Amino acid sequence: MNPQGEVTSLLTAWGKGDQNALNELMPLVYNELHRMARRAWSGQAQGHTLQPTALINEAFLKLAGAENASFENRCHFLAVACTAMRQILVNHAKSRHTGKRGSGQVMLSLEDVQPAVNQEAAEVVALHEALERLQAVDPRKSKVVEMRYFGGLSIEETAEALGVSIITVNRDWRLARTWLIREMSSGRS
Amino acid sequence: MNPQTDWEEIERLFHEVVDLPTQEREALLASASESVRAEVGSLLETNDKAFFSAPPAHLAADLIENQPSALTAGQRVGKYEIEALITTGGMGEVYLAHDPSGNSVALKILRPHLVASPQAVDRFQTEARAASALSHPNIVTVCETGDSPAGMFIAMEWVEGSTFRELIDAGAVDTSRAIDWCEQATRALAAAHHAEILHRDIKPENIILRRDGVLKILDFGLARLAGPVRLEPDTSGASGTISGTLSGTLLYMSPEILRGEVASSASDVFSLGTLLYELWTGKHPFAGETPLDVYEAIECREVAAPSTLRDGMPQEIDVLIMRMLDRDPAARPSAREASAVFSRFSTKP
């Protein structure tokens, strides 16, 4: 079977409730997205920026192929890809948070900029951890935030991918964000 | 006590009372158990801090830094005095300000937390350098660039008028005006390309028609000098990549940029072609319900010739716009060639 056929049949199998299919699918999607994200990050030095949503869409076309872009396949793929994207971004933030950055290229002194770099990265990690706590309370809300924040999906796309109404996503998003903001602010103070 | 039942009640009560005034909230919450009331109360308190208008990507930075997000009227940046905040973008804020002689300027300030990202600083400096290097009536003029306690800034000529987005949304544009605008836009792009500067972010929000009819291209925020510009490879996933929405930008990206290839002047031509198509027909050539649809449309959907959507379309312009949208960068006309076609149709003296 060609790779696109394999990804498509895994998506279909997972859609029918086969959890093993997800286990096989995740590394494929993670690796492809990770490769693309690295290319996009290094590509930014040349001036083009790819957003998470664009990466995810590109990965879908690459892995499943345009001819397999059925509605169900897309929805299942989005769910997997947003989780993979979250892992990529969190791992990236973690490495950035702890990694040393030495460079003479920056015009401003590193003492000025270093704390802010660390803070942003730390914030992504903090959100990820708060999201894990939310998942224990309410898995769907945590998925909504994952898709919106880490996958860059709109309210409409999130509703479509999760098979719920736009009103539900709006409500979930509103409460989940409030809950997360509170978690993250109280953790800091 | 059942945590799951509590959570459902918390959720229900939160949505029920969140948009009500305090007194009514209290009345509705009175019957709930103390623990539920405390949890809902705590969530409401967070909600009331009005973080909701902020896009998710900025949540992080705004929460942490707790910095004053905007300058107020009367404050000074360099020799300029702030009048009003005009807009806040991913990169920074744009203010209306005036210089000591009272001339209005648009003052773009790099948001202090972005100073953390070498990429953002670089991009900001490149914008300043690229725009300073260009002197053309259809490209916004940079008056000064500098650094101040409020952040790095670029002072630009103040352009008052309507963006192309507003002009397109306002309805059909008559032929002579469309030709005039197309000519000015292609001429500006040709001048930039002649100076070996790419824009890389051509979209209707970045083109303004001044009240006197002069068109100006703004925001060389992604511009790169074609010469050797030394750049740090960017690794800032946090500030650069999680910003989430594709909004307008994807709609004006060329297929080669979507594939991650390096931009060329032909990529700018494609973006401008998309915009001109929209100007003539009122329809976006790659419109789609979702980003994936748009992505697919740019990659492979057949584009209907503008003349099928608009009567009386000059054939040469019809063909030109279709050539600007060719998926093969090498098959597209240069901006200079495009401007020459529009010039022939122009009735302006």
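The values are calculated or read from the model by the stated rules, or taken from the named source; none is laboratory data. As the structure is a computational prediction, the values presented were derived from the model and not from experiment. Note that we place each Cβ from the backbone using ideal geometry, even for glycine, and neighbour counts take in every protein chain shown.
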Given the residues A:Glu32, A:Glu6, which is the only one that is of a type in the set (Asp, Glu), at pLDDT 80 or above and within 24 Å of B:Glu256 (Cα to Cα)?
A:Glu32
Among the residues of segment A:129-155, what is the count of those that are among the charged types (D, E, K, R) and without any contact (Cβ under 8 Å) to a residue 12 or more places away in the chain?
2
Determine whether A:Arg148 is within 8 Å of chain B (Cβ to nearest Cβ), basic (Lys, Arg) and closer than 28 Å to A:Phe71 by Cα.
yes
Of the residues in segment B:1-29, those that are within 20 Å of A:Arg133 (Cα to Cα) and among the β-branched types (Val, Ile, Thr) come to B:Thr5, B:Ile10
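Each row is one residue, and each column tells you yes or no for (1) of a type in the set (D, E, K, R); (2) at negative phi.
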residue: B:Arg177; (1), (2): yes, yes
residue: B:Thr186; (1), (2): no, yes
residue: B:Ala191; (1), (2): no, yes
residue: B:Asn206; (1), (2): no, yes
residue: B:Gly213; (1), (2): no, no
residue: B:Asp219; (1), (2): yes, no
What's the number of the only condition in (1) modelled with pLDDT of 95 or more; (2) within 30 Å of A:Val144 (Cβ to Cβ) that B:Ala340 fails to meet?
(2)
Elements of type strands (runs of 3 or more DSSP E) in segment B:127-205, at least 1 residues being crowded, with 19+ Cβ neighbours inside 10 Å and either in contact with a strand residue (DSSP E or B) (Cβ under 7 Å, 6 or more places away or on another chain) or of a type in the set (A, V, I, L, M, F, W, C) (or both)
B:142-148, B:151-157
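For every residue, the table says whether it meets (1) part of a helix (DSSP H, G or I); (2) without any contact (Cβ under 8 Å) to a residue 24 or more places away in the chain; (3) at positive phi; (4) of a type in the set (A, V, I, L, M).
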| site | (1), (2), (3), (4) |
| --- | --- |
| B:Ala263 | no, no, no, yes |
| B:Asp268 | yes, no, no, no |
| B:Gly273 | yes, no, no, no |
| B:Leu279 | yes, no, no, yes |
| B:His284 | no, no, no, no |
| B:Glu289 | no, yes, no, no |
| B:Tyr295 | yes, no, no, no |
| B:Ser307 | yes, yes, no, no |
| B:Asp318 | yes, yes, no, no |
With the condition kept exactly as written, say whether any residue in segment A:158-167 is surrounded by fewer than 20 Cβ atoms within 10 Å (Cβ to Cβ), of a type in the set (Asp, Glu) and not in a loop (DSSP other than H, G, I, E, B).
yes
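Residues checked against (1) modelled with pLDDT under 85; (2) under 17 Å from the mean Cα position of the chain (by Cα); (3) surrounded by 20 or more Cβ atoms within 10 Å (Cβ to Cβ); (4) among the β-branched types (Val, Ile, Thr):
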residue	(1), (2), (3), (4)
A:Lys100	yes, no, no, no
A:Gly104	yes, no, no, no
A:Asp112	yes, no, no, no
A:Leu127	yes, yes, yes, no
A:Leu131	no, yes, yes, no
A:Gln135	no, yes, no, no
A:Arg140	no, yes, no, no
A:Ile155	yes, yes, no, yes
A:Trp179	no, no, yes, no
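Let me confirm something: among A:Ala84, A:Ala40, A:Ala45, A:Ala64, which residue is crowded, with 22+ Cβ neighbours inside 10 Å and either at pLDDT below 75 or in contact with a Lys or Arg (Cβ under 8 Å, 6 or more places away or on another chain) (or both)?
One residue alone meets the criteria, A:Ala40.
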Select from segment B:121-143 the residues that are out of contact with any Phe, Trp or Tyr (no Cβ under 8 Å at 6 or more places or on another chain) and farther than 24 Å from B:Gly213 by Cβ and list them in ascending order.
B:Val121, B:Asp122, B:Arg123, B:Phe124, B:Gln125, B:Ala128, B:Arg129, B:Ser132, B:Ala133
